[in-house]
Each structure stands twice: as C-alpha cells, then as structure tokens.
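The values are calculated or read from the model by the stated rules, or taken from the named source; none is laboratory data. Everything numeric in this text was worked out from a predicted model, so none of it was measured. When we count neighbours, we look across all protein chains shown, and the Cβ atoms used for this are built from the backbone with ideal geometry, even at glycine. Remember, those area values only see protein heavy atoms, side chains included, never the ligands or the DNA or RNA. Shrake-Rupley method; radii C 1.70, N 1.55, O 1.52, S 1.80 Å.
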Amino acid sequence: MTELATTVWQGLAAAGLGAAEGWGVPPAVPGPMWIGLIPALPLLAVVLCTLCAIFKVKSKLPAWLTVGCLAASFVVTLLMYLNMSGSPMLSTAFTWIDVSWGSERSPRNLHANFGFYIDSLTCLWMLFVTGLATLIALYASEYMSHDVGKGYSRFFAAFSLFVFSMACLVMADNLILLYLGWEGVGLCSYLLIGYFYKKPSAVAAAKKAFIMNRIGDLGLALGIFLIFVKFGTVEYAKLFADGAFKEMLGHAMTGTSESWAKIPWDVKLIPILLMVGAFGKSAQFPLYVWLPDAMEGPTPVSALIHAATMVTAGVFLIARTYAVFQLSPSALTIVAIIGTVTALLAATIGMAQFDIKRIMAYSTVSQLGYMFAGLGVMTSVGACFHVFTHAFFKALLFLACGAVMHGFAGQLDLRKLSGVGKMPGWRIVGITMLVGCLNLAGFPLLAGFWSKDMILAQAFITPGMGLVGWVLLLTAGLTAYYTFRVYFRVFVGPQEHHPGDEAHGHDDHDAHGHGGHGHDDHGHAKADHKHEAHDFHPHPPGWAINLVLVVLAAASFAIIPLTFMGKHGGWVGDMVSHSSAAWSAPGEHHDDHAGHSHAAGDTHSHAGESSRSHDEEKLGTFLGMDPHAVMYYVSGVVGLIGIGVAYRLHLQGRTSAATSRADALLPMLGPIPKWAQNKWYVDEFYHFLFVRPLWVLSHIFHLIDRMLVDGLVNLAGILPRALGATIRPSQSGQLHGYAVAMAGGIGVLLLIVLLVAR
Amino acid sequence: MTMQSMHDKILELWPELVLFAGTCVVMVMGLSPKLAVRRMCAPVAGAALAVAGVLAALTTPEGRGLLPGLMPFAKVVVSVVGLAMLLLLDGTVDRTEERLIASGQPFNPLRTNRAEFYAFFLFSLTGLMLCASANDLIWLFLALELTSLPTYIMVTISRGGKAGARSQEAGVKYFFLGAMGAATFLFGFALLYGATGTTNLQAMKEFFAHAGEGGGITDLAIAGMLMSLLGVAFKIAAVPMHLYTPDVYEGAAAPVSAFLAFTPKTAGFISMILLCSTMGWTHGAGHSLPDLVRLLLWVMAALTMTVGNVLAILQSNVKRMLAYSSVAHSGYMLVALVAGPGSGRGITDNGLAAILFYLLSYGLMNLGAFAVLACLERRPGPDGEYREIETVDDLRGLCKTQPALGWTMVVCALSLLGFPPLLGFFAKVPLFTSAIAAGEIVLVVILGVNAAIAAYYYLRLVAMPLLEEPDATLPPAARTPFVSRPLAAFISAASVVVLVAFAGTLMREAGEAAKPPKATGHSNAAK
C-alpha cells in the first residue's frame, strides 16, 4: 500500500514539474479526415434503423446494425488514440457556418466548421463513450427484446443518434458544434426517457428533463454568445491562442486585486454562464431533480445516457474550457461548493429510497457532485479520472439493476426482493453487482477508490476548501452505506421475491419470454402474476446481458493498472494534462516549483493555485498531515465503516425481504428519514415556486389566446364582408375595392418613405 | 454609348426563339381534329423548354450588361422549373371536352382550350426569359407584360364546369389589377426616362454614376424608381400590391396557382434586381441603395413578410394559405434585395445570389405543395362535379390514405418552413447572412420572427396529413387520373431533399449569376 502510494506520489510530483512549462495548448496540427467516421458511423446506424422502422422489420436487425456501427466507431476511436501526437489535431468535415459583416475597417466574422478538435481529452471521452455505447447496445438487444417490431427500431435509432450527438459534443472544434451536440443529446435523452410514451409518468419525466435542461442551456448559449462578443471567435484553437484572452489569463494568474480589476466584469461572467449550462446537463443542485425521474426510460438508457456519458458532458465542458474558468475569481469556488452540496444532498436522499434504480440515480447525482467538486478544487485530472472510472462501474450497476428489473417483471423495490444473487441463473448478476458496489463504495484498491481519493486529497490541500473535503469525506461514508444497503437487501440474505406490477408500469414486459430469447417456458401473461403471484418465475438474464455485465466488471478491474501507468493520475492524468483541461500558470518556471514539488506535487492544477497565492504555507493539510499521504487510508476506512454499518443494519439477522434492523432505528431519527425519503421536498418546493405560478400564467395566456387570436380569426372572417358592405355599395365592387386599396397603399407607402427620410 | 447591335442581341436570344417556335407549333397542333395530335401539345412544349434550357446553359455570358451572368442562370432555372410545371399542368383544360368526345360528340375547335393553354404557358415563360435578357426599359416592360398577359388567360380558362365561374372571376380581377400594376411601373419607367434621357439600362447606370457631370440621381429619377418598384411589386405580390393574390390563387386551378407563384414572381424579382442595379448598392455609409429606394424596399419587405404570414395563419383554405405564404416569401427575398450584392468577400454576402437561389428553391417546393392539391379530388357529388381539395381539413390523415402524396406534402411544407436539413433551410440561410453582412440587423430580426410565425401555419400542413386520423365520415380523397401530376409532386419532393447535396454548387452558380461586371464604367462614360 505504501509503495503504491509512493509510486503514484512520485508520478504526481513529476507532473508538478511538467506544470512548469506553463499553460498553453500547443498549436493545432491538421488531422486525418477519417476521424469524421467516428460520428458518421452512428449516424449511419440512425439511417439504417430508420429504414428498419419504415420497412417494419420484425427481427433484431436494428440492434445488430447499431452494435456493428458503434463497434466500428469504437475501433476508429482506438485508431485515433493511437495516432495522437502531442499537439491537438484539427480535422474539418466541411465548412458549416461562415458569415461576415461589418465595415471594411472592422470586419466581423463568425466562422464555425463542422470540424473536430482532437486532443487527449477528446480521446479519453470518446473511448469510453463509444466503448460503453457498443456494450450497452449489445445489452439492450436483449433487454428490449419484448419490443421487437414495435419500438425496437425507434429505440436503436434514438440510441445511435445519441452517440452521434455525443460525438459532436465531445469532438467539436468550436462551441457552436458543441452546442449542437449538447442539444442533440438533450433531445435523445427526451426521446428515450419518454420511450414508453403511453405511460404518463414517463412522458412527464421526459418533459421535466427537457425543460430543466432548457434553463441550463440558456446559460450555455449566453456564455457562448459572450465568448464570441468578447473574443470574436468560438473556435477553441483560436480562442486559446487569442492575444486578449492570454492577456486576461495573465491578469488572473497574477492574482492581485488590481490585476483582477483589469478583467472586465462581463468576461468574468462567461464562466458563470457556462457553469449554469454544465449544472443543467450534469444534474447539479438546484437543477438535479430531472435525473432521478429520468429513470422512467429503459435501463440501458439510464446506464448509458443518465449515468455514464451524457451527464458527464458538464464535466467535459468545464474541463474543455478550464482556462476560461480561470478568468473568474469565484466560478471554480462556486463549482466546488455546488458540487459538494449536491454530493451530500443526493447521498442523503439515496439513503432513504426504496427503488433500487432511483438509489442508483441519486448516487449518480452524488458522484457527479464529486466530479464538480474535483473541478472546483482545481484537480481536473481527478475529476476526469472519476468520470472515467464512474462510467464503467455505474453503467455496470445500472445494467445489473436492469437485469433484475427485466427478470422480476419490473420489480425494483428493495423490500420486495432478497437473495437474488443466490438464485439459479443469477450468479453472474450477483457477482458483477458486488464488483460495481465495491467500486462505488470506494473499496480500497479498486478503480473507484483511486479516483475518489484524488479529489478528496486535493480538496484538503487547496486552501479554503477544507470544509469541502470534510463534507466529501462524510459523503464517501454515506455512499458506501447506501450502496451496500442495496446489495445486502437485494442480492444476498434469505431468498424471497415478489414480481413487479407491470400493469401500469412497464407494459412492455407483459410479453416476457415471448421475445424469442429462449425463455418461453417462463412466459406468462400479465394477468397471471397479478392474481397468482406465487406462480411467478423470474427469468434469469440471457447471454447478451451476462456477457456485457462480465465485460464491464472485468473492465472495472482492468482500468486499475491504468492508475499507475504514466506520470500523475495515471494514464487518465496523462491524457488530461496534455489537453486544454491541464492547468498551470503561464510563464511559471521550473525552479519555483522545485522547492515544494513534494507538497504541491499534485497536478498542474495545483501549480496554478499556488502561483496564484504565491504562498505555499497556505496549502491545506488533513489534521496536520499531508492529505495525499493519508487520504488512502482515511477514505478506505470510511468506506469500510459505511459497508460495515450497512451489513449490521441490513444483512445481519435479516429474515425477510421487507424488514431489517434499520427499521428499529428509524423512530429515533424523528422525521428526518421521512424528509429524506420525500427528497427533502425539493420537488414540491419547485412546484410551489415555479410550476404553480407558470400554470396560472399559462392559463391567463390561454384565455388571451382564446379571446385575442380566435377573435382575430373571427374578425378576419367578418372584416372583409363588413368592409365590403361599407366601401362597395354595388355588388361587383370587390375589384374596385382592391384597386382603391392598392392605390391607397402606394400612396401610404410613399408617404411613409418620404416622412421617414426627411 | 455602347449599344448592342441587333445581331449580337439575337445571338443571345436563341432560347426565347426556340420557345417561340414551340409556341407556334403548339398553337396549331392543339386545334387538330385528331386526338393523338392534340395530345402532343404537352410533349412538344416540353421539348421546346428542354432545348431552350440546354441552349441557355451553353450560352457564355459576354461580360456585358448590368449583370452579365444573370441571363444563362435565370433561363436554365426557368426551363427546369418550367418542365416540372408542365408535368403538373397536364389535364387542367379540356377535361369536360374530352369526356364529351369520348361519349360520341364531334370535336369542336371552338370549345377546346388546349392550344391556347399550352401556347400561353410557353409565351409566359418566353416573357420570363426575355426579362432576364432585358437591357432596356421598353424591353423590360414588354417582357414583363408578355409574362403576365398569358397568365390572365390561363387563370380564366383553368377550370371548367361550375368552378369555371370562379376561375373567370379570378381571371378578370387579376387582369384589371394587373393592368393597374403595369400602369404604375410604366409611369415609373417614363419618369426614369425623363430623368435620364435614356431607356438603356447600362446607359442609365452610367448616368447615375456621374453626379455633377450632367448626371447623378435626381429627385425625378428617385420618383421614377419608387413608382417602378411599386408597380413591379404587383408581379411579386408584395404589399401593398398583394391584394389580388388569395382571390386569384383560390379561383384558379391548383396547377395554375403553382405557375402563378413562380413565373410572375421570378420576372418581378429579375426586373427589380435590374432596376436597382442601375442605381447600384454603392450609396451611403452602409453601401446600400439611395436612401429613399432602400427605405421603400425596407418597409415593403417588413410589411410583406408580416402581412403575408399573419394573414396566412388565419386561413383554413390551403390555396389561400399558400397564396399568403407566397406573399411572405416575396418579403423574405426583398430583405436580400435591400442587402444587395455585398462586398464580394464571401458567397454568403451576396443578397442577389440569395434571391436567385431562393427563387429556384421556392419554385420547386411550392410546386410540390400545390401539386399535392392538384393530385387529389373528391368524388363527384350529386351534381356530377369533381371538387378540388381545398381546406386544410381535407388533408387529414393523408399520409395514411395516400402515403406518397401525404409525405410529399409533409416534406414540401417543412421545406417551405425552412426546416433543416431541407432545401428551404439552405435557401433561407443566405437571405439571413447577406442581410447581416449588409448591416440590416433590424430587418434580419423581423425576418427571423416571421420565419417563426410561418412555422405556425406550415406545421398545420405537416400535422394534418401526418398526425391526424382520416375523416371517417367523408369518402377519402381520390387521385386525379393524370399520371404526370403525382410525378411532378414526387420530383419536387425529391429535389427538395436531393438538391441539398448540391446547395453549395447551386449557391456558387447563383453567385456567378449575380456578380456585377468588372468596374469599367469610367472608360465608357467618356463617350
């Protein structure tokens, strides 16, 4: 353990030295054209699935087409990664927007290619986006099998469209294309949450997600506008090389109040606006309430979009424009605080829920809070590392929960299921679920442990962020508790199960087993298990689901060695620190750093921070100890305590699915569990604060619409006749009327022109 | 002064001459007692158009005139859209007549309209091509009238039976109001002549360019220009000369309405471009037209868009809705006319190119929408009359009853609305960009708002066929027995999708067509 820590430690120290080169993205070089295949292949899948829908294909063809295209896209991404050089690559598919205006002297130009900016950050994101998308599409081929012929093509078309949009978002070489992708993933999220469009709760959840995201997107749009207005470009390469931008960055680095004053207030506003966009997409407080509801969508969607990829777009945005975030003295502090608040709040809600998919959803919100806190305390490496590991184990967790839901007719209540992992055919699900849970709980030496540590340690190091660190540490304990609450209740313990009620839930499940994946003997009609629940046979997952679970579990182990490859933060750290998300002060010299490279030897980010304060004494500690040295032990112990408490309360001595020892403790806590279970009434609060007033307002508008617009329509019917009656006494006067009106119109128009001109 | 010799001029007029020859042949063939010969009218007209189009494409601009590249481009566009129109016009006239003949009555040359109809169709397109060749005010006037006069008659004879009364009323209205419009721009032309002493457009441009040297833009010239533009506004159905549009479009048969939405409008815009070119977009700080002219076009554009769109919202009759939307589309293009040819920095700056590209796109997508209407009819009622599909409700559930036509309507309506990635979107973008480049930001905002308003009624044309269920109480609409009409619909729907791939090329071609000649004005002015 100590040795490991030292190894990592030295890597981190070396990174500190690397930081001395100063921030500055190397000039971009032209990249190969075939990079365009990465978004093009998913788009091809969209077209093919649409054709399947048009020709009413009644087989699993759309799924195989999707899996094939996405796998090919993943292979191209791998090639792209292998082709990476030190400099970012620019590859243009075609000229997209090119508008120029203004006078000869001050020409303005809005230029945005449909082009790709490929640096290691892009590679990192695309690798796990396309890789996970391929696996989850394979999983979905079985999971959605009951919908073959009905919504199957629609599902995979939207699924592929999501991957295309995500590729646009991540690979864009300008903010407008990023915005296109941003909206694209939002649209796909809407389409897929509302996939069961006959179910009112799914429709409501889809709308909620879409509308909540509007708020964030408005911020993002305004931020992009402001960047264009202030720096005259939306292209990353030009923005990062812009003279004015670099000058302001220099002011920000000096860090004195005079130098801050040299940055205009509207430039300082840019990161705040971008941040709002990131909060919306990544479900941060106060815009997080859509994500738990988004679980109405099919589970593969929850796994890919609402856990692994789309919701990390906010982290990506901040990482991509990390330099812009340095331009405001407060933006990253706000990010850290909001991230921490979200992490804690979502964890407390997650502890009191009974729906295992919702628990995972709140856990996603909570982990996203971690990532934001990581960005806020200036460890973009830690944040991205956590995104990366989280993508694997959270997808795994969702898919395992999905397998349960698939097999138990939509049952998700942890009080209705027990000992699932021991049932025949469910062993793989049980084991892989355990792997995912251990990762999420931060069990020592697993991938989730390393990435979480990096954020925690940095929170204690960064001056003024001590409280953030403590709260995150507490949250780590809560996370371990609620994760293993699910595991101990559902997957181990006495065997017991009650099938879910599909009648108003997943009407898609009613034809279970008829989907042609070899479980026809378990087939049962909806009515059967309503009335004869004891006859219910859960049907264990088939090969596709099991394969994907095993691959993901293996992957979550396979990424552990990556932690020790490369210099700081492992392989991921290498990737991040060679991208625009790397951070250190421009013009800072190697020597300045050598003195405290041990203490500050964390990441580039720290170099920026220390130069900002120019005082290494201010660096935080953990109870007087070096956070990096002790955090491994501390967080490991905290995680184990959480697991231990969960074991004591939810497994030890439990005889049935519905009760546990924890129930006895509840009265002692007073109303708090109830509040937490009701999600601290945030939804009700929003309903009171925004939905009600808007509802009233919309009814007022509706009345106006009825009276004014409909009135106009009626008037339009009456007016010609009334006019006719007045200005044309003879019956053939319509023609005269037109002629008079035209002549009058000419007169009026000439009069207007003359009056305005003179 | 350099006047083109008659010989040179005629060399450029081969397409028009071919069309004229075709007209004469069609006029005779349409009166033949043999049905087979009479039926050859449309193919002959088509052949003439095709040959004219090829000849136009082969013409190399000689670098003369106000816009040397305009002629070939406009003529090719006219023949391409004309061919599609021809497919749609099949069966418009003589339907009753042929039924009578089939029932044993002898052929009566007095009762057939076929000869006139196809001849006037070609005449009108000839006039349209001549507009593009115009280098003189008198020429321009005659060409404009040659475009319009045949359409008055086409409207009048476009429907038979009981509906004939409506088309005749529409034709009469159109004729008288058209005469008034013609009188207006002729008055303007006369004033222009009075101000400059010449009817030659090139000479007029040189006169305007030399302020203080016995030339320049006088008040009289401005007055002439304003009246000319107001008069030509009738052709493009711009406010305040738009009042005839809904009545005439509604009264005429759907194929003829489609023709009206393209032909006079194109002629009008080409004339406006030529007229404005004489004064040039080089006045004032923002490099625009002379203040008053710019202001007129500005106000006209804003009013035309808004009035067209707002009134279109209120329509339940599809033809009236499309008529008002045609008014609105003229408003969009006027925005680019205000913007002018731009600085030549980029292709997207050129408003004139934007207009030419938009005319082509609008011609095709509008054709598709009207073609769907022309393809459908209600079974004869108790009076034995076929009824045209007219109201929006008639389109209910069309995608289920007539999938191909329903989808054509959906695609064309989306394209008219400017929905990406259809042709209408790519046509609309240059209108925006050219106006932004010219600094007409307020006008761009109005344009944007109007594009949004247009969504309101165009989406009804999308939602009705696509989302609604067919009306069970009515018998479903049937197809008219003319094979080429659906063909026209599908061609236009396909082109709306396929031409997107060539949008860049088309836009570049339009840019070439709208490129002003090299500045050689000063050497010529010495004469």
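Some points to look at:
- Some residue of the range B:254-273 being away from every other protein chain (no Cβ under 11 Å), at pLDDT below 95 and more than 16 Å from the chain's Cα centre (by Cα): no
- Failed condition for A:Val75, given (1) open to solvent by 60 Å² or more (accessible area, probe 1.4 Å); (2) touching a Cys at 6+ places or on another chain (Cβ under 7 Å): (2)
- Scanning the range B:293-315 for residues that are within 9 Å of chain A (Cβ to nearest Cβ) and either over 27 Å from B:Gly342 (Cα atoms) or modelled with pLDDT under 90 (or both) yields a total of 5.
- From the options B:Gly161, B:Gly82, B:Gly127, B:Gly91, residue that is of a type outside the set (Asp, Glu), open to solvent by 50 Å² or more (accessible area, probe 1.4 Å), closer than 30 Å to B:Phe490 by Cβ and in contact (Cβ under 8 Å) with a residue 12 or more places away in the chain: B:Gly161
- Assessment of the range B:308-325 against the conditions (surrounded by 24 or more Cβ atoms within 10 Å (Cβ to Cβ), in contact with a Gly (Cβ under 9 Å, 6 or more places away or on another chain) and within 30 Å of B:Ala211 (Cβ to Cβ)) yields no matching residue.
- Residue in the range B:174-221 that is farthest from the chain's Cα centre (by Cα), counting only those that are among the acidic types (Asp, Glu) and more than 14 Å from chain A (Cβ to nearest Cβ): B:Glu213
- If the condition is being more than 14 Å from chain B (Cβ to nearest Cβ), part of a strand (DSSP E or B) and of a type outside the set (A, V, I, L, M), then the range A:59-112 contributes A:Ser91, A:Thr92.
- Unmet requirement for A:Phe155, which otherwise passes all of (1) closer than 30 Å to A:Met84 by Cβ; (2) open to solvent by less than 20 Å² (accessible area, probe 1.4 Å); (3) out of contact with any helix residue (DSSP H, G or I) (no Cβ under 6 Å at 6 or more places or on another chain): (1)
- Selection from the range B:199-214 of residues that are surrounded by fewer than 17 Cβ atoms within 10 Å (Cβ to Cβ) and under 20 Å from B:Pro516 (Cβ atoms): B:His210, B:Ala211
- Some residue of the range A:679-697 being touching a residue at least 24 places away in the same chain (Cβ under 8 Å), touching a Ser or Thr at 6+ places or on another chain (Cβ under 9 Å) and part of a helix (DSSP H, G or I): yes
- One residue stands out among those in the range B:235-246 that are more than 8 Å from chain A (Cβ to nearest Cβ) and in a helix (DSSP H, G or I): the one that is farthest from the chain's Cα centre (by Cα), which is B:Pro246.
Residues are listed down the side, and each one gets a yes or a no for (1) among the hydroxyl-bearing types (Ser, Thr, Tyr); (2) out of contact with any Pro (no Cβ under 7 Å at 6 or more places or on another chain); (3) not in a loop (DSSP other than H, G, I, E, B):
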{"residue": "B:Trp281", "(1), (2), (3)": "no, no, no"}
{"residue": "B:Leu292", "(1), (2), (3)": "no, yes, yes"}
{"residue": "B:Leu295", "(1), (2), (3)": "no, yes, yes"}
{"residue": "B:Trp298", "(1), (2), (3)": "no, yes, yes"}
{"residue": "B:Leu303", "(1), (2), (3)": "no, yes, yes"}
{"residue": "B:Thr306", "(1), (2), (3)": "yes, yes, yes"}
{"residue": "B:Asn309", "(1), (2), (3)": "no, yes, yes"}
{"residue": "B:Met321", "(1), (2), (3)": "no, yes, yes"}
{"residue": "B:Tyr324", "(1), (2), (3)": "yes, no, yes"}
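- Looking only at the range B:119-159, and only at residues there that are aliphatic (A, V, I, L, M) and not in a helix (DSSP H, G or I), the one that is farthest from B:Val77 (Cα to Cα): B:Ile157
- Some residue of the range A:184-204 being part of a helix (DSSP H, G or I), farther than 30 Å from A:Met126 by Cα and touching a residue at least 40 places away in the same chain (Cβ under 8 Å): yes
- Subset tally (residues that are modelled with pLDDT of 75 or more, touching a helix residue (DSSP H, G or I) at 6+ places or on another chain (Cβ under 7 Å) and open to solvent by less than 40 Å² (accessible area, probe 1.4 Å)) for the range A:661-687: 2
- Condition met for B:Ser288 (away from every other protein chain (no Cβ under 11 Å), farther than 23 Å from B:Thr147 by Cα, open to solvent by less than 20 Å² (accessible area, probe 1.4 Å) and of a type in the set (Ser, Thr, Tyr)): yes
- Of the helices (runs of 4 or more DSSP H) lying entirely inside the range A:291-355, those containing at least 2 residues that are β-branched (Val, Ile, Thr) are A:299-303, A:313-320, A:331-352.
- Pairs with Cβ under 9 Å, 6+ apart, first in the range B:430-456 and more than 13 Å from chain A (Cβ to nearest Cβ) and touching a residue at least 12 places away in the same chain (Cβ under 8 Å), second basic (Lys, Arg) and part of a helix (DSSP H, G or I): B:Leu447/B:Lys428; B:Ala451/B:Lys428
- Looking across the range B:1-23, the residues that are open to solvent by 60 Å² or more (accessible area, probe 1.4 Å) and either polar (S, T, N, Q) or at pLDDT 85 or above (or both) come down to B:Thr2, B:Trp14, B:Leu17, B:Phe20.
- Test for A:Pro499: is it in a loop (DSSP other than H, G, I, E, B), modelled with pLDDT under 85 and crowded, with 23+ Cβ neighbours inside 10 Å: yes
- At least 1 residues being modelled with pLDDT under 75 is the threshold, and among the helices (runs of 4 or more DSSP H) wholly inside the range A:531-638 those reaching it are A:570-577, A:590-594, A:597-600, A:604-613.
- Qualifying residue in the range B:249-260 (condition: outside any strand (DSSP E or B), buried (at least 23 other Cβ atoms within 10 Å of the Cβ) and among the hydroxyl-bearing types (Ser, Thr, Tyr)): yes
- Test: residue in the range B:334-352 that is away from chain A (no Cβ under 14 Å), surrounded by fewer than 23 Cβ atoms within 10 Å (Cβ to Cβ), touching a residue at least 40 places away in the same chain (Cβ under 8 Å) and not small (Gly, Ala, Ser): no
- Once the range A:733-747 is narrowed to residues that are more than 7 Å from chain B (Cβ to nearest Cβ) and open to solvent by 40 Å² or more (accessible area, probe 1.4 Å), the residue that is farthest from B:Leu226 (Cα to Cα) is A:Gln734.
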